[in-house]
């Protein structure tokens, strides 16, 4: 009898939840139209501070690379905006890589970790970069051995992980640290939160233009981009036949899928901190924000954006620069 | 994403059942995703974060399901595995499609938004340059086409578009040309992506990830149903209803998405239609059904500009008449009406699901006078179809002017019809749920147990009337929201063991506490402690965790009292209050095991020498009185630790604790002396009593109980043989026990009687109350009770009370009963000898208490019935209340088994023992045999008359028959008969008689009766 009663009660609950979820989801249709196209960045999540300390050490330690010449921080300078301002970074062999180093900030808010869609999860993305010949060129046994031979790592790992230094714990430290690499608190976010004076009139105008020109078709959501693939060259081919510099890396998603439809598709980059992450585009070929706005207008929107509007939009884009560890990025 | 993943940790039991909530979750996420995609298509989705989150949730959830369940799926369910893998493949395809949709929508979004601006600007330039109207019209046409067909899968619009573009081109100036180039560029952009968008949306519809999940769910539910069909219907029903509700939910989403897609093609009416749909979506499940329909109609008339709209359903019980549920004329609600289907356009709707008459409807349907009365021109009807595909009603729009049935209106009516149908299903489901809830509440209120529900903090949320009564609460509201501990007074004794402690433990452990814990509690406002059994069970929920605890209590104070009474009854002699044979046996068994030279035990077997004389000369009452006085005499002269028992009749037994031969002999001699001095006075007579005492000592645990019994039996026999009124001692090792000398021992005599057929069957007729005969004839023997006599070696007849005590002591009753059953059955079959039993319709056989405890007897009886091919309906077994109580479980089993094949049972000597109706309830009995005690001189005894009448009434009330025993004369025969008794029995009707063989002549007479 008790069973029966509790079942009946549970059952009524289930039904209630289902019924109310129907109501709620239908209300969503109504309210979401008024919801913003751009959303504020979520705050830094609560994380295990011991893992963050460890993560920060690893991030700055060349021990991660095969010949101990490069640390993550070598190409991702946190104070600069999470990249190295180079068109192409050098790998452990001193060779140039073929894709511009993207920022390491706000990566957890992107829908795919890599710009060309090579991997689906950060976990695998780390392995590709740690052990790729053209990246850090390390191996697990070598890395684990090196870490174990460093006393402060072995003790600190043992503090946090019962099994100490393992593949899983190293990856977990990196994943945790990655989650801390977010830049909330930008002027624009403050404005979104209701602080009217957080951005200037010009910047507001720029935000209006950003919408009117239709940039928000791709650059939207909390990360202002980073949540879809888009073809570079919607209205015109970005690479013309005369352009001899076309490289494999320019094929984007095609390199992964080998599907002709995916040629020149890249993950739309997040515009957060965009003012601090020059040079631009996947090949780091454009140095100035103003130029890249013009290119976007021409190839992606089929519109010519005039000089005045471009500088307004650029002004708006500078408001997207957020803070890391309480400091605004890129000002030094 | 983590939110979804985490929820899996709540799914504990790793089986296909717990996969259901996981899959349901998957469905929900997919519904959200589909919802976002539909919104994206109608340009109502501001960003893709929703899609990304839901897609991630889908992947994570599905991966988690796969990992969690792939090894745990039972073997019968292996076919789930490939389905899961297939689901993963579908998902990766699905993901790819969604990604393309996202990219393509983003790539074309701006062109669609920008084109109207371009065209308007181009128009302005045209006006400024005084170009011909034709180009403006072309622009207008382009705008209209753009609005309507941006994502439609028809190709013709694009050609029309280019045609319009051509017209403009012919009239171009330089400035206009720039615009036209721009327009062309954006149109081509849309065109480049449009087919893929349309195709991808189609793929998503076709792939139907949701449907794959649903298939999987129904597979599992189906499997579950098979597995649990018999065991747990409630659970299956629950799952099915849950599934039903989720399918209804899904249906509404599905329709929303399908209709949403159609909306894309109807951009120009988007706002109005959207408003109507928004209103439609904004339903509140508390809104009464009538109001919901009124809202629908108001919305519909608002969007459609119709003159009259109405929704109608079949009139209850009719398939020719319709009854409207809501009618609206130009925004004003009208009263409902009933109308005939025949000849009306509505008939067309019912038959064909749709009826479209754009003009002249009154002429087309001349018999429908309403059409002409209202001067209607156009009629659009849409059928409302329920979940089973049956048409149950319709929505109709009517116009007073010729009206075109636009495609958007068609879609809208479809949506409204579907929505109304879903709403009806939903309200039906809710009503069913409500009913179920009400039933649960009613059940809760009507259970005999106290039920209290507390929340996770221990506060009472529900309390049923029985619980209120138990705790002396007038109004449940007085106690709701107070802590459960306030119900009882805490006493020192129940530290850690009160109801609230049980509840806290249940909350803390989230597990079932021990079921039916017996507690003594003192309700507040009371000083009297109650004995209750308490069960506490947690109410758990996958999401929230512990919701509360259900506490079920039942007051067992009376039950315990009753149980104690029963135990006492089973172990004590009802007359003297001494232990009975059963209790003595149990005590002896224990005592023998613990015996040694240092812990000896003296046994006395006391047989009254002249009891039979007193009983016979002064009657039963005198005998009873003597036994009572005698037993108190024994009690007086023994110690408190000694065990006294009456074995039946005039035999007593004393077990002297820690008494060696010297002490025992001393006590026995003292008893002899005291008994000699004792005088029993009855009326004017005075009797001196003497006894023969047998004595033996148990001083070793090696002895068998039967050895002990034989030894003391022999001692008593010696005492009697040596002239009574004396003590005889036998040691258990005494060789006499097995020697010739023990010939007089009961065990030998009884064994011989069984093997040499020294028992004789007697029968006593039982007459039907409506029988006319008052003389002895053959028909008298149609209903008989079988009685038993034993013929001694000397040829004298022994009555049952003379040999039964001994037979019980040696546990020979099952053998004797078996002998009786076999001999009676064989005579009934006419095999052993031809007797009147062959013609008896109803033969009652007594079964002793020991036989009830004998498990083999049941099979033997069944086998004998089969062997002699006796109709079981002719057999009735009589058991006594006392023997039934002592072996209640066995008795119930035996009775049930034999009744199942048709035998009847009667409860003998009813009223002489505990006379509790409780037993009648427990034992499935057909007949009550009312003890002779109540029929003695019934004509003078008012009290007995009342009792007798009430017993008869109860018997009849319980569907039993009643037999009155001890009818000794015609007066009592008539008195008892007047009371409505069914059968009578007694010396006044017929005395017991030996069952004699009948001769051939009698047989033939018998056969003619």
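Just to be sure I understand the curve: with the Debye formula and one point per C-alpha of the range B:539-663, what is log10 I(q)/I(0) at q = 0.13, 0.16, 0.20 Å⁻¹?
Rounded to two decimals, the profile gives -0.67, -0.89, -1.14.
Give me the one-decimal Kirkwood hydrodynamic radius in Å for chain A, with the sum taken over alpha-carbon pairs.
In chain A this quantity evaluates to 22.2 Å.
Please find the FRET efficiency linking residue B:616 to residue B:594, where r is the Cβ-Cβ separation and R0 is fixed at 35 Å, and quote it to the nearest 0.05.
That gives a FRET efficiency of 0.25.
Which whole number gives the average count of other chain Cβ atoms within 10 Å of the Cβ atoms across peptide A:109-115?
Counting Cβ atoms of other protein chains within 10 Å of each residue's Cβ and averaging gives 2.
Summarise the partner chain shielding of A:196-208 as one whole number: the mean count of Cβ atoms from other chains within 10 Å of each residue's Cβ.
Mean inter-chain Cβ contacts per residue within 10 Å come to 0.
Residue B:561 versus residue A:158, label points 7 Å from Cα toward the beta carbon: distance in nm?
7.1 nm
Can you give the FRET efficiency to the nearest 0.05 for residue B:838 and residue B:768, using r as the Cβ-Cβ distance and R₀ = 25 Å?
FRET efficiency, residue B:838 to residue B:768: 0.80.
Okay, which of the range B:946-971 sit inside 16 Å, backbone N to the point 7 Å along the Cα-Cβ direction of residue B:987?
Backbone N within reach: B:965-971.
With N set to the number of residues, divide the alpha-carbon radius of gyration of the range B:930-975 by 2.2 N^0.38 Å and report two decimals.
That works out to 1.09 for the range B:930-975.
Order these by the 10 Å Cβ neighbour count, fewest first: B:30, B:869.
B:869, B:30
Report the Cα centroid-to-centroid distance between the range A:127-190 and the range B:375-390 in angstrom, as an integer.
Between the Cα centre of the range A:127-190 and that of the range B:375-390, the gap is 65 Å.
Could you give the length gained on full extension between residue B:950 and residue B:829, defined as 0.36 nm per residue of separation minus the Cα-Cα distance, in nm?
Full extension of this stretch gives 39.7 nm more.
Could you check the simple spin-label distance between residue B:79 and residue A:121, using points 7 Å along Cα→Cβ, in nm with one decimal?
Label at residue B:79, label at residue A:121, 3.2 nm between them.
Inside 10 Å of the C-beta atoms of A:210-220, what's the mean count of C-beta atoms belonging to other chains?
If you average over the peptide's residues, the count of other-chain Cβ atoms is 4.
Using the beta-carbon distance between residue B:481 and residue B:531 and R0 = 25 Å, what value does 1/(1 + (r/R0)^6) give for FRET efficiency, to the nearest 0.05?
Efficiency for this residue pair is about 0.35.
How big is the range B:321-407 on each of its three principal axes, counting only the C-alpha atoms and giving the largest first in Å?
36, 27, 26
Rank by packing, highest mean first: peptides B:705-717, B:312-324, with packing defined as the count of other Cβ atoms within 10 Å averaged across residues.
Highest-to-lowest ranking by the protection proxy: B:705-717, B:312-324.
At 0.36 nm per residue, and after removing the present C-alpha to C-alpha distance, how many nm does the segment from residue A:291 to residue A:80 gain when stretched out fully?
Result for the pair: 73.9 nm of gain on full extension.
With a point put 7 Å past each Cα toward its Cβ, work out how far residue B:889 is from residue B:971 in nm, to one decimal.
5.0 nm
Values quoted throughout were computed directly from the atomic coordinates according to the rules given, and no laboratory measurement underlies them. All values derive from a computational prediction rather than experimental measurement. As a convention, Cβ positions derive from the backbone with ideal geometry for all residues, glycine included, and neighbour counts pool all protein chains shown.
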